[in-house]
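Student: Got a structure for you, written out below as structure tokens; questions coming shortly.
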Amino acid sequence: MSKKIGNVWVFIEQDGGKIADVSLELVCKGRELADTLGTKVEALLLGHNVKGLCPTLHSLGVDNVFLAEDPRLNQYSPIPYTKVIIEQIKKHKPNIILFGATVAGRSLAPRVASKQLAGLTADCTELRIDSFEDKASGQTLPNKLMQIRPAFGGNIIATIVNSWDDPQMVTVREGVMKMSEAKPGRKGDVTAIKVELDEADCLLQIIERFKEEKSVNLKGAQIIVSGGYGMGSKDGFALVKKFAEAIGAQVAASRAAVDAGWIDHDHQVGQTGVTVRPRLYIACGISGSVQHRAGMAESAKIIAINHDPAAPIFSIAHYGIVGRVEDVLPKFVKAYKGHG
Amino acid sequence: MGLTILVFAKQVPDTKNVTGKAMKDDGTVNRAALPAIFNPEDLNALEMALELRGRFGGKVIVATMGPPTAANILRHALYMGADETILITDRKFAGADTLATSYTLSCAAKKVGTFDVILCGRQAIDGDTAQVGPQLAEKLDIPQLTYVEEIRDVKGGKLRAKCQIDGGFEVVETPLPALLTVIDANTPRPAGAKRLMQYKKAVTRSELLAKSGGADYEDANRLAEEEKRLKKSNLWIHEWSAADIGADPNRIGLPGSPTKVKNIQSVVLAGGTYKDIPPTEDGIKGLVHDLVAEHILS
Ligand SMILES: Cc1cc2nc3c(=O)[nH]c(=O)nc-3n(C[C@H](O)[C@H](O)[C@H](O)COP(=O)(O)OP(=O)(O)OC[C@H]3O[C@@H](n4cnc5c(N)ncnc54)[C@H](O)[C@@H]3O)c2cc1C
Ligand SMILES: Cc1cc2nc3c(=O)[nH]c(=O)nc-3n(C[C@H](O)[C@H](O)[C@H](O)COP(=O)(O)OP(=O)(O)OC[C@H]3O[C@@H](n4cnc5c(N)ncnc54)[C@H](O)[C@@H]3O)c2cc1C
């Protein structure tokens, strides 16, 4: 009766032999989905001299790595990457493919989906397996991927289901899915793919490239002090940094503070920045726009400091201090230092 | 000579200025709480197109798929300096996901015929997917550059642009035609006052019909004359239906959309459930004490 379900695939984004964090997070999520479905997790790894990355993928639960190595795949480029992936989809018919919603992932996934005539759901924040009653056909489809995502600038949360099975594709932002523990030594397969590209596939030429490692890693931070436009000035923002240092926290910011040039973009939390889930998030002079909340609402405890009692940030806070930051922060430092 | 530049723009509800609940209780979009605007990054795309025309000559055509009221953003495009505009509208397009949308736009692009550059915004602020640009490029079988900040040069059938990547940038060269998705890295020009006076009279065929109180047989000739006159003075917004662009009915609208929205929830903020800490030394001391006791602070 029931036809065999295809495997869960994860596209592995790598640059210079380093796997993007989001790809590792998705491997862990993929493992969970595959266990529910009783299928395998397979990774798509494209690049040049990247075979050495396979053990890391195996250790996180990948059963098989499809490995495509070629100098022309060294850097991401939409047309050759799409071609290689489409060939594998046609051959192996996966059930689900997960992509990181990075700049490259948001270029590649839609191109692949368009070529395959598959549905693609963007920026999912939650993925789980459930049955779906398709009103159009009157059928109940078992084991479908529920693709849950915010839209309308964060004002709504939609559950989306792919009614065509070929395959179910989604993108997920970095920091949204949790990592699980690696089991070093866990074994898996590697399937080498023969790469066939012709000149017409390699039209784009990278003339110049500049890339820097992130100066901070907010995703792993346990305590975050975040400053917004309410800090008033660059000097005002320095108070946030001092405060963070005093209590052993990492510094983050809203986009308004980043745009004002008080701190660089690596520190931005929110829809177009990083998603964080610390033990404690202290928002100082941040109004709490939907875009900002999208990146921090999952924090275990939130303290909001704002002189406007009507600021939306209070609606997601566990503790609220209605007051001026320049007044409250020094008192906080004093109380912390005076403690124990 | 010069470049034929095609800009795809979307009319969107202004999700940043939600004045009430974004969704009605029946789960449909509450348009009343969300005024319709020109998708912000599509204004950046149009600005880039106008700058490109300024540097290399040519013409800028702006097209949108949407309900009849989307003609408003096309008039705005004319105020900014677009040469020609196209409204792609049909009840059959309703319920399109990004796959069906990009297919529809690809049919329209093919009807336009030849073009050198297609510019899209990176992302629309309602659907928020950033998928339509790359999907449209694939449908037209042309290369794509995404997250474009600036066009460096166009020479010998090639275009060079600076694109954002994670943690940096790339300068990439592509043969033309190509599709670019544009981020908010320029300042869209305001509507020109003179152009505004001139082009506020621009209409689609449906608008012309509605203005003349619905056409009857007698009117037909008069309307045809009027249409000719409007076209001559460049006040005509093309209006294309699914049939006009030769779209396969199974690939547009709801039937052409693999993704189905199962349910939608409004994000309603709980509000007022936080513990109010007085901004005094004692108040904050108490808070720090609690946090340390709960091992949140150490
Ligand atoms: C597509 C898109 C993506 C976006 N992505 C992000 C994102 O990733 N991250 C992000 O943060 N934003 C993002 N934004 C921007 C977002 O909409 C807001 O504009 C931004 O978050 C506002 O930052 P803010 O709260 O610091 O500033 P404001 O909204 O200006 O708030 C400042 C707050 O400080 C308070 N204040 C002022 N003075 C004091 C004082 N002395 N003491 C205490 N409080 C004071 C005020 O009452 C106010 O509530 C995005 C927007 C768009 C359209
Ligand atoms: C709550 C909700 C969630 C959704 N989630 C998904 C999803 O995950 N996957 C999916 O496939 N669909 C989804 N959709 C449907 C999607 O919003 C529509 O298909 C929409 O027509 C295009 O997608 P977008 O708004 O994300 O545009 P984007 O892909 O973000 O738009 C990028 C650019 O493409 C151009 N463009 C887009 N639409 C048009 C147009 N109509 N006319 C002219 N140019 C245009 C513009 O230049 C725009 O800047 C969702 C819709 C809703 C209401």
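Student: Check cross-link reach from A:Lys301 to the aspartates and glutamates: straight Cα distance under 16 Å, and skip same-chain residues fewer than eight apart.
Tutor: B:Asp276, B:Asp290, B:Glu294
Student: In Å and whole numbers, how far do the C-alpha atoms of segment A:220-289 stretch along each principal axis, longest first?
Tutor: Principal extents (Cα only, largest first): 28, 27, 19 Å.
Student: Also: Please give the FRET efficiency for A:Ala238 paired with B:Glu150, using the beta carbon to beta carbon distance and R0 = 41 Å, rounded to the nearest 0.05.
Tutor: Values: r = 33 Å, r/R0 = 0.79.
The calculated FRET efficiency here is 0.80.
Student: Can you give the percent of C-alpha pairs in segment A:4-66 whose distance is more than 20 Å?
Tutor: 19 percent
Student: Mind pulling up the Rg/Rh value for segment A:166-228? Radius of gyration and Kirkwood radius, both on Cα. Working shown, then result.
Tutor: On the way: Rg = 19.8 Å, Rh = 18.4 Å.
With Rg and the Kirkwood Rh in hand, the quotient comes to 1.07.
Student: Points 7 angstrom from Cα along the Cβ direction at A:Lys334 and B:Asp248: gap in nanometres?
Tutor: Simple spin-label model gives 7.3 nm for this pair.
Student: Another question, then. Please report the net charge: other residues with Cβ closer than 12 Å to the Cβ of A:Asp63, K and R +1, D and E -1.
Tutor: +1
Student: Another question, then. Return the Rg/Rh ratio of segment B:76-190 with Cα-based radii and a Kirkwood Rh.
Tutor: 0.96
Student: Taking amide H positions as placed in the peptide plane 1.01 Å from N, state which residues far from A:Ala252 in sequence (5 or more) or on other chains have amide H under 5 Å from it.
Tutor: A:Val225, A:Ser226, A:Gly227
Student: Could I ask something else about it? Rank B:Ser106, B:Ser206, B:Ser266 by mean-square fluctuation in a GNM of chain B with C-alpha springs under 10 angstrom and give only the top-ranked residue.
Tutor: Sorting by GNM fluctuation, first place goes to B:Ser266.
Student: Summing Lys, Arg as +1 and Asp, Glu as -1, what charge do residues with Cβ under 9 Å from the Cβ of A:Val22 carry, A:Val22 excluded?
Tutor: It works out to a net charge of -3.
Student: For A:Gln168, what residues show an amide H to amide H distance below 5 Å, using hydrogens built from the backbone and excluding near sequence neighbours?
Tutor: A:Ile96, A:Ile97
Student: With equal scatterers on the alpha carbons only and no solvent term, can you work out the Debye log10 of I(q)/I(0) for segment A:8-202 at 0.11 1/Å?
Tutor: Ignoring solvent entirely, the Cα scatterers give -0.47.
Student: Going by a ≥ b ≥ c, the root eigenvalues of the Cα gyration tensor, does segment A:129-239 fall in the rounded group (a/c under 1.5), the prolate group (a/b larger than b/c) or the oblate group?
Tutor: oblate
Student: Could you compute the FRET efficiency for B:Thr187 and A:Asp264, with r as their C-beta to C-beta distance and R0 at 22 Å, rounded to 0.05?
Tutor: 0.50
Student: How high is the relative contact order of chain A, given as a whole-number percent (alpha carbon pairs under 8 Å, six or more residues apart)?
Tutor: Working: 703 pairs, mean separation 47.2, N = 340.
Relative contact order for chain A comes out at 14 percent.
Student: What are the residues whose amide H is under 5 Å from the amide H of A:Ile302, where those residues sit 5 or more places off or on another chain and H is modelled from the backbone?
Tutor: Here the answer is A:Tyr281, A:His318, A:Tyr319, since their amide H atoms fall under 5 Å of that of A:Ile302.
Student: With an 8 Å cut-off on Cα pairs and a minimum separation of 6 or more residues, tell me the relative contact order of chain B in percent.
Tutor: That works out to 22 percent.
Student: Another question about this same structure. Could you tell me what % of all Cα pairs in the protein assembly as shown have separations over 38 Å?
Tutor: Considering the protein assembly as shown, 38 percent of its Cα-Cα pairs are separated by more than 38 Å.
Student: While we're looking at this one, here's another question. Who wins for biggest fluctuation among B:Ile237, B:Ile277, B:Ile118 in a Gaussian network model of chain B, springs between alpha carbons below 10 Å?
Tutor: Highest fluctuation among the options: B:Ile277.
Student: Between helix B:219-232 and chain B, what is the angle of the helix's C-alpha long axis to the longest principal axis, kept within 0 to 90° and rounded to the nearest 10?
Tutor: Roughly 80 degrees between the two axes.
Student: Same structure again: As I understand it, the value is the acute angle between the Cα axis of helix A:105-116 and the longest principal axis of the Cα atoms of chain A; what does it come to in degrees, rounded to 10?
Tutor: Once rounded, the angle reads 30 degrees.
Student: Which ordering of A:Met177, A:Met146 is given by a fewest-first count of other beta-carbon atoms within 10 Å?
Tutor: A:Met146, A:Met177
Student: Apply the a/c threshold of 1.5 to the C-alpha gyration tensor of segment A:223-339 and tell me whether it is rounded, prolate or oblate.
Tutor: rounded
Student: What order do you get for A:Glu13, A:Glu87 when you list them from fewest to most C-beta neighbours inside 10 Å?
Tutor: So the ranking, lowest neighbour count to highest, is A:Glu87, A:Glu13.
Student: Need the list of lysines near B:Lys162 for cross-linking: C-alpha distance under 29 angstrom, and skip anything on the same chain fewer than eight residues off.
Tutor: A:Lys18, A:Lys83, A:Lys115, A:Lys211, A:Lys214, A:Lys219, B:Lys10, B:Lys16, B:Lys59, B:Lys110, B:Lys139
Student: Sorting A:Lys115, B:Lys232, B:Lys139 on the 10 Å Cβ count, fewest up front, what's the list?
Tutor: Ascending Cβ contact count within 10 Å gives the list B:Lys232, A:Lys115, B:Lys139.
Student: Still on this structure, please answer the following. Dividing the Cα convex hull volume of chain A by residue count, how many Å³ per residue is that?
Tutor: Working: hull volume 55.3 nm³, N = 340.
Expressed per residue, the convex hull around the Cα atoms of chain A is 163 Å³.
Student: Can you tell me the 0 to 90 degree angle between the C-alpha axis of helix B:98-112 and the longest principal axis of chain B, rounded to 10?
Tutor: Between the helix axis and the principal axis of chain B, the angle is about 30 degrees.
Student: Moving to a separate point now. Dividing the convex hull volume of the alpha carbon atoms of chain B by its residue count, what do you get in Å³ per residue?
Tutor: On the way: hull volume 63.9 nm³, N = 298.
Looking at chain B, the number lands at 214 Å³ per residue.
Student: Something else now. Treat every Asp and Glu Cβ in the protein assembly as shown as -1 and every Lys and Arg Cβ as +1, leave all other atoms uncharged, and give the resulting dipole magnitude about the Cα centre to the nearest 20 debye.
Tutor: So the dipole magnitude of the protein assembly as shown works out to roughly 260 debye.
Student: Just add up the charged neighbours of B:Ala137: K/R +1, D/E -1, any other residue whose Cβ is under 15 Å from the Cβ of B:Ala137.
Tutor: Value of the local net charge: +3.
All of the numbers you see were taken from the coordinates with simple rules; none came from a lab. These figures come from a predicted structure and were not determined experimentally. For neighbour counting, all protein chains shown are included, and Cβ atoms are generated from backbone atoms with ideal geometry for every residue, glycine included.
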